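The following block contains the structure, expressed as structure tokens.
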Amino acid sequence: MGGIGLLPLWQQQVIRKLLPSTRWQNLQGGPFTNAARAKTGHARSDCYVSWTRNCSTEASREHFVSETVLRLIGDEHVAVNGVPWLTRGETKALPIAGLVAAHILCKRHNEAMSCLDSIAGQLFAAVKSIYEDLGDFKSLSRKQQWLLFSGEELELWMLKTAFGLFHSGNVAKDRKRLRDTQEINPVLMQAFEGASIPSPCGMYVLADNRPEKVDQNQMDLASLSSDNSERMIGLRLRFWGVSLLILLDPMSTYNNAFLSEQAYRPDYLVFRNRSRSHTIVLTWPKKTVTLGVLFPIRPARGGK
């Protein structure tokens, strides 16, 4: 089974050698500070980060899940379910070009966050490649790979995806759009300008508990609501055998038993079959405990 644990000493030593020259990859001040320094003073009412008063006058069309990620699932079409405009239980193949939401970000903010789309595309491409490589049990290769990504950027991409799905009306409960029936706490959006995300909010990672039944080329999204269903407080995303969770509301009380099953801002993800492993290292600032998640990759039932 997959698990959460402390990083073995030898792997900690390897990571310490990797990190000093690569910490620069983490965002300094958030994606918006990498845009033009002078603020526009303009706030578009249809941009969900208009509070920055740094909008452009032009609107944009934004994929509610990054196009770079969607194209890892299908070249032109992806299977979609759980959205309010499909009947309950219905799955439908839709063109990627059509999975866009108009009027949730202005052009300036959409372009400023494109770096987050890029990092997510690279990360999920790496996950897909790892599963395909380690899933080839006929391979005689013993080569291991170490891949380095910014955990902060991935966390911000999850934040962007959650707010984008909410404000575009593409996340629902009982086929009702959450933006019409619930609220979402906007305070974490300040992280886009460099504010820290307070614990227990932020990104968690969980290994799939059915590693032999990984759904290839499919991404599942599910929202989390408060106990009284008044607020959307989180979003879970599952791709291949990796589940990512972003908690959004610092005013909510989260169940400790639920949180203990997730790895909060893990430093490493180890994917292992019976003979070798590949490791994704996630960089985070100011961490004292090195935490990891194991993803066992096994042959499909009946396979060799």
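The values are calculated or read from the model by the stated rules, or taken from the named source; none is laboratory data. Worth saying up front: this structure is predicted, and the values here are computed from it rather than measured. FYI the Cβ positions are ideal-geometry reconstructions off the backbone, even for glycines, and counts take in every protein chain you see.
Report, by residue number, each residue of the stretch 166-176 that is touching a residue at least 40 places away in the same chain (Cβ under 8 Å) and surrounded by fewer than 24 Cβ atoms within 10 Å (Cβ to Cβ). I'd like the intermediate steps shown before the answer.
Kept after step one, since they are touching a residue at least 40 places away in the same chain (Cβ under 8 Å), are these residues of the stretch 166-176: 166-173, 175-176.
Matches in the stretch 166-176: 166, 167, 168, 169, 170, 172, 173, 175, 176.
Is it the case, given these coordinates, that residue 120 is surrounded by fewer than 23 Cβ atoms within 10 Å (Cβ to Cβ) and over 17 Å from residue 46 (Cα atoms)?
no
Suppose the filter is in contact with a helix residue (DSSP H, G or I) (Cβ under 6 Å, 6 or more places away or on another chain), assigned to a loop (DSSP other than H, G, I, E, B), of a type in the set (A, V, I, L, M) and modelled with pLDDT of 90 or more; does residue 246 pass it?
no
Looking at residue 60 and the list (1) surrounded by fewer than 16 Cβ atoms within 10 Å (Cβ to Cβ); (2) modelled with pLDDT of 60 or more; (3) more than 23 Å from residue 282 (Cα to Cα), which single condition is not satisfied?
Single failed check for residue 60: (1).
Follow-up. If residue 270 meets every condition in (1) over 20 Å from residue 120 (Cβ atoms); (2) modelled with pLDDT under 90; (3) in a strand (DSSP E or B) apart from one, which number is that one?
The single condition residue 270 does not satisfy is (2).
Follow-up. Where the second residue is outside any strand (DSSP E or B) and among the small types (Gly, Ala, Ser) and the first is on the phi > 0 side of the Ramachandran plot and at pLDDT below 80 and lies in the stretch 216-242, which pairs have Cβ atoms under 9 Å and are six or more apart or on separate chains?
217/74
A follow-up question, please. Go through the stretch 79-180 and tell me which helices (runs of 4 or more DSSP H), entirely inside it, have 2 or more residues that are of a type outside the set (Val, Ile, Thr) and closer than 24 Å to residue 207 by Cβ.
The qualifying helices (runs of 4 or more DSSP H) are 114-134, 151-168.
Note down all Cβ pairs under 9 Å where the first residue falls in the stretch 138-165 and is farther than 20 Å from residue 238 by Cα, the second is assigned to a loop (DSSP other than H, G, I, E, B) and β-branched (Val, Ile, Thr), and they're at least six residues apart or on different chains.
Between residues of the stretch 138-165 that are farther than 20 Å from residue 238 by Cα and residues that are assigned to a loop (DSSP other than H, G, I, E, B) and β-branched (Val, Ile, Thr), the close pairs are 148/22.
This table checks each residue for (1) under 18 Å from residue 131 (Cβ atoms); (2) in contact with a Phe, Trp or Tyr (Cβ under 8 Å, 6 or more places away or on another chain); (3) of a type outside the set (Lys, Arg).
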site: 231; (1), (2), (3): no, no, no
site: 237; (1), (2), (3): yes, no, yes
site: 251; (1), (2), (3): no, no, yes
site: 255; (1), (2), (3): no, no, yes
site: 260; (1), (2), (3): no, no, yes
site: 269; (1), (2), (3): yes, yes, yes
site: 273; (1), (2), (3): yes, yes, yes
site: 277; (1), (2), (3): yes, yes, yes
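If residue 53 satisfies all but one of (1) at pLDDT 80 or above; (2) at negative phi, what's the number of the condition it fails?
Evaluating residue 53 over (1) at pLDDT 80 or above; (2) at negative phi leaves (2) as the failure.
Yes or no: the stretch 183-193 includes at least one residue that is under 16 Å from residue 221 (Cβ atoms) and assigned to a loop (DSSP other than H, G, I, E, B).
Yes: the stretch 183-193 contains one or more residues that are under 16 Å from residue 221 (Cβ atoms) and assigned to a loop (DSSP other than H, G, I, E, B).
Continuing with the same structure: What do you reckon, is residue 253 modelled with pLDDT of 90 or more, among the polar types (S, T, N, Q) and either surrounded by fewer than 23 Cβ atoms within 10 Å (Cβ to Cβ) or out of contact with any Ser or Thr (no Cβ under 9 Å at 6 or more places or on another chain) (or both)?
Criteria not met by residue 253.
Restricting to the stretch 190-208, count the residues that are on the phi > 0 side of the Ramachandran plot and over 15 Å from the mean Cα position of the chain (by Cα).
1
Pairs only if they're at least six apart or on different chains, beta carbon under 9 angstrom, first in the stretch 107-133 and closer than 14 Å to residue 151 by Cβ, second buried (at least 21 other Cβ atoms within 10 Å of the Cβ) and among the aromatic types (Phe, Trp, Tyr); list them, first residue then second.
116/157; 119/157; 120/157; 123/157
I'm checking my understanding of the structure. Among residues of the stretch 192-205 that are in contact (Cβ under 8 Å) with a residue 60 or more places away in the chain and surrounded by fewer than 20 Cβ atoms within 10 Å (Cβ to Cβ), which one is nearest to residue 88 (Cα to Cα)?
For the stretch 192-205, the residue satisfying everything is 200.
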